[in-house]
Each structure stands twice: as C-alpha cells, then as structure tokens.
Amino acid sequence: MANIPIGTKGESKLRVTPDIAIDFLGAEGARVLGTPYLISNLEFTARNSVLPFLDKGFDTVGARVDVRHLAATPLGMEVTFQSELIEVEDRRLRFRVRAFDEKEMISEGTHERGIVNIERFAARVQAKAAGK
C-alpha cells in the first residue's frame, strides 16, 4: 500500500465562468459558482495531492463528501481549493477540504477517497454493467 504522509496538501485555482455558474434563478446578477462544481474541484484537489505517492496502476476514487457551501462566489471571481490529508486507514484517505474566493471562505468540510487498483476497479465496473 502507498505511503502517503499525513499533512499532504493540495491546492488548485479556478475562475468562475458561465459554464460552472448556476443560471436557474433567472437573473444575470445572481449567477454564482454552482455547488456541484465546488465539490468536484475539492475532490480533484484532494486526488491530485496524493497521486505522486501512488504506485503505477493505482488511483483514488471519491467515497464520501461532507462539505458546507457557505457563501456565493460571483462570475469572474477566482476560487482557491485546498485539501489536507488528515487520516489514512488502509486504503481509505480522509481529507480536510476548504475553498476561498477573493473575499472569504466559501466552503469547508471533509472528503474521503479510496485507493483502487485501476484494472481491478474497471473489471468490477464492467461486470456490474454486464449484469454479473
């Protein structure tokens, strides 16, 4: 199993554009970063932080997300996503995740990922799709 140090950190940035902003409120001034995109970027920030520690043929998959979306981030503003590995238990990795826009913290919580062998994972998914 991979030896990933507790405290491993990740960071990524993203500017809020129309393709990741909600539009269902109907008012252009109410377009803000959508929660699904917030969560996706928190997940990928955590994933990318531990990839260098994994053996070839292994990756991680999301298993649990427990975050709060605390504040709205308008179009054009940059968001910084951060992760920190806080626990490793066998193949389970637990992260503290946070996001900040240019004014304030917009999200905080935890995220869990599982280490998988890509070939075995793909075989299980294909078997499930085939009804086995």
Check: Quick one: net charge of E119's neighbours, Cβ under 12 Å, K/R +1, D/E -1?
Finding: +2
Notebook entry, point to check: Using only helices, what value at 222 nm comes out for the chain when you add -39,500 (n - 2.57) per DSSP H run of length 4 or more and divide by the total residues, to the nearest 500 deg cm²/dmol?
Noted result: -7000 deg cm²/dmol
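By counting other Cβ atoms within 10 Å of each Cβ, how are V67, V16 ranked from fewest to most?
With the sparsest Cβ surroundings first, the list reads V67, V16.
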Next item on the list: Give a quick list of chymotrypsin sites (Phe, Trp or Tyr not before Pro) in region 1-110 that DSSP marks as loop, anything other than H, G, I, E or B, with at most 11 other Cβ atoms within 10 Å.
Entry: F24
Check: For the chain, what percent of Cα pairs sit more than 21 Å apart?
Finding: 47
Note to self: Whole angstrom only: what separates the Cα centroid of region 1-30 from the Cα centroid of region 81-132?
What the structure shows: 14
Margin query: At 1.306 mPa s and 10 °C, plugging the Kirkwood radius over alpha-carbon pairs of region 13-73 into Stokes-Einstein gives what diffusion coefficient in µm²/s?
Written below: 117
Item checked: DSSP-loop GluC sites (Glu not before Pro) across region 90-127, with at most 12 other Cβ within 10 angstrom -> E102, E104
Item checked: Shape metrics for region 1-40, restricted to C-alpha atoms - Rg then Dmax, Å -> 16.0, 50
Item checked: L93, L75 arranged by Cβ crowding within 10 Å, fewest neighbours leading -> L75, L93
Check: Given +1 on the Cβ of Lys and Arg, -1 on the Cβ of Asp and Glu, and no further charges, what dipole in debye does region 1-130 carry about its Cα centre, rounded to the nearest 20?
Finding: 400
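Quick note: the coordinates plus some simple rules give every number you see, no bench work behind them. These numbers come from a predicted model, not from an experiment. Neighbour counts are summed over all protein chains in view; Cβ atoms, including those assigned to glycine, are modelled from backbone coordinates with ideal geometry.
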